[in-house]
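Next up is a structure, given as structure tokens.
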Amino acid sequence: MKKLSTQKLLMSFLTLIVLILVVVAFHTTGTIEDPENYKPHVYSSAWALLPPVIAIVLALITKEVYSSLFVGILAGGLLYSNFNLELMINTIFFNENGGMVSKLADSWNVGILIFLVVLGALVALMNKAGGSTSFGKWASSKIKNRVGAQLATVGLGSLIFVDDYFNCLTVGSVMRPVTDKHKVSRAKLAYIIDATAAPVCIIAPISSWAAAVTSSVPEDSGINGFTTFLQTIPCNYYALFTIVAMLFLIIAKVDFGSMKKHEINALNGDLFTTSERPYDESNEMPTDSKGKIIDLVLPVAVLIIACIFSMLYTGGFMSGTGFVDAFANSDASVGLVMGSVIALIFTFFFYMFREVLTFDEFMSCLPEGFKAMVSPILILTFAWTLSGVTGLLGADVYVAELVGSSATVLQSLLPAIIFLVAVGLAFATGTSWGTFGILIPIVLGVFPEGNMMVISIAACLAGAVCGDHCSPISDTTILASAGARCHHVNHVSTQLPYALLVASVSFVAYVIAGISRNGWIGLIGGLVVLIATLVGVAQYSKKQTTKTTK
């Protein structure tokens, strides 16, 4: 008799637990007498963080993200309903503040989904027209090695700083043929995409993230949100250190953890390492011989310009609002939809004029693009629902109370505390922007002005990006996997050691900054620690490689 695998035993155990919970739920009676004031028994307690923890742990163990997210949602629904089955079902699907239907009915979320579909269609069109292949051949002739391919990906990712969603999918679709040519693993590509998405956007003054941070500063605080954001850039240690660490690892040709295995396998011809292929590339349409580099470069350029212009438009730029204020007041979801649709219409006329595609071929790419985005759309839907259910359990209130009670006691260590709390909250909920909204008002309540206010807000932003970077249920992490066409769990498991290393150094830097009450001292001290750590990792990695090759 063959032994059951660990995954099968785990899933069998979880199935048993779920059945027991369902039986309990069937025998739990009671209705909500006052729906407006209803709160579950576990509201604003540590139990509120259990659903995302379950989903994350299961995803990392089972390597299967859909069922893991659903089990987390189910656990959240049971906790919210106090194990009442009818209320649990209504909560998961129909709760107005956190259910799946309400999340899919939210105009902001739907805008992101439409943007994904249109972008998928644009990628399919560029592949069909031969633009991607032509660019790949040109780039391969200019880029001679793996280091160059990775640095080119970093460069493109840094240039597309307007929005992290746009960054992930555009960089992936453009650079994937180049990195494949030079045998860069899909996991490493996904890491580079992710590390040049949120970490770059959070230090870019003109981006959707800058707008989110600005809007998180309370209007009655008397503080200019955008000016404060600019002051936090030198103190956003996680974002800055992530970029430095990424460049060091690429140039020094160093990898560690499970990423090292992926990179070794890629050099031997296996870009994926694992058997999972969530994005079917076998059905990609053959490219047309008429395709030129301009068939990729011009649509992408129009997409970038159109998205920037559309975001400015949503912020009132055409009505006389200043450039900076227009970006601060922009609606990223609406702007991305408008920009992508403009790019799609332009691409249609451009390809028709160049006669690289027929009308029928153009239209056939639209459903192909939608099918390519089914996986990230499904993951996003589950992730949004899990985040909504976690919010219903009062996880944000619990974290806010936790920080508020400790802040006055340990003011010198507040930046480091804020950083850790922001990491945990963003990791558990998968949202950076929600973390901003929760923690920034708390910081301002403790430090209404001065250097410590700037350092502490920067710590909040850095921690939110770090938690978002690590979390399997983060939108950006999901889209980085989609952009690289990498199995989602492979991306999470290979990126985590890199992110944790930078997070540890960032924590030390915030301790230094908090004690010295000077953000620049924290930055310099953190950089020294980071470089020393990376050099040590490089030496250790090379020793291990030498031992295995003997």
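Say whether the condition of being at pLDDT below 75 and hydroxyl-bearing (Ser, Thr, Tyr) is met by at least one residue in region 67-81.
Looking through region 67-81, none of the residues is at pLDDT below 75 and hydroxyl-bearing (Ser, Thr, Tyr).
Taking Leu530 as meeting all but one of (1) crowded, with 21+ Cβ neighbours inside 10 Å; (2) at pLDDT below 90; (3) within 26 Å of Gly424 (Cβ to Cβ); (4) out of contact with any Pro (no Cβ under 7 Å at 6 or more places or on another chain), write down the number of the exception.
Going through (1) crowded, with 21+ Cβ neighbours inside 10 Å; (2) at pLDDT below 90; (3) within 26 Å of Gly424 (Cβ to Cβ); (4) out of contact with any Pro (no Cβ under 7 Å at 6 or more places or on another chain) one by one, Leu530 breaks only (2).
Could you grab me the full set of residues in region 467-500 that are hydrophobic (A, V, I, L, M, F, W, C), within 24 Å of Met175 (Cβ to Cβ) and assigned to a helix (DSSP H, G or I)?
Scanning region 467-500 gives Cys470, Ile478, Leu479, Ala480, Ala482, Ala484, Val489, Val492, Leu496, Ala499.
I need the helices (runs of 4 or more DSSP H) fully contained in region 313-390, keeping only those with at least 3 residues that are out of contact with any strand residue (DSSP E or B) (no Cβ under 6 Å at 6 or more places or on another chain) and among the small types (Gly, Ala, Ser).
332-354, 359-372
So which of Lys183, Lys128 ends up being modelled with pLDDT of 75 or more, open to solvent by 10 Å² or more (accessible area, probe 1.4 Å) and part of a loop (DSSP other than H, G, I, E, B)?
When all the criteria are applied, what remains is Lys183.
Related question: Tell me, which helices (runs of 4 or more DSSP H) lie completely within region 52-113 with 3 or more residues that are surrounded by fewer than 16 Cβ atoms within 10 Å (Cβ to Cβ) and more than 21 Å from the chain's Cα centre (by Cα)?
85-94
Could I ask something else about it? Could you tell me whether region 478-499 includes any residue that is out of contact with any strand residue (DSSP E or B) (no Cβ under 8 Å at 6 or more places or on another chain), surrounded by 24 or more Cβ atoms within 10 Å (Cβ to Cβ) and more than 27 Å from Val184 (Cα to Cα)?
No, region 478-499 has no match at all.
In addition: Which condition number does Ala464 fail, the rest of (1) open to solvent by 10 Å² or more (accessible area, probe 1.4 Å); (2) of a type outside the set (Ser, Thr, Tyr); (3) touching a residue at least 24 places away in the same chain (Cβ under 8 Å) being met?
(1)
Here's something else I'd like to know. I'd like the full set of residues that are touching a Ser or Thr at 6+ places or on another chain (Cβ under 6 Å) and open to solvent by 70 Å² or more (accessible area, probe 1.4 Å), limited to region 505-527.
Answer for region 505-527, where residues must be touching a Ser or Thr at 6+ places or on another chain (Cβ under 6 Å) and open to solvent by 70 Å² or more (accessible area, probe 1.4 Å): just Ile515.
Going by what's in this entry, would Gly339 be described as under 25 Å from the mean Cα position of the chain (by Cα) and modelled with pLDDT of 80 or more?
Taking the combined requirement at face value, the residue satisfies it.
In region 321-360, which residue that is open to solvent by 80 Å² or more (accessible area, probe 1.4 Å) and not β-branched (Val, Ile, Thr) is nearest to Trp108 (Cα to Cα)?
My answer is Asn329.
The values are calculated or read from the model by the stated rules, or taken from the named source; none is laboratory data. Computed from a prediction, not measured in an experiment: that's the story for all the values here. We place every Cβ from the backbone using ideal geometry, glycine too, and count neighbours over all the protein chains shown. The area values use the complete protein model at the heavy-atom level, side chains included, leaving out ligands, DNA and RNA. Shrake-Rupley method; radii C 1.70, N 1.55, O 1.52, S 1.80 Å.
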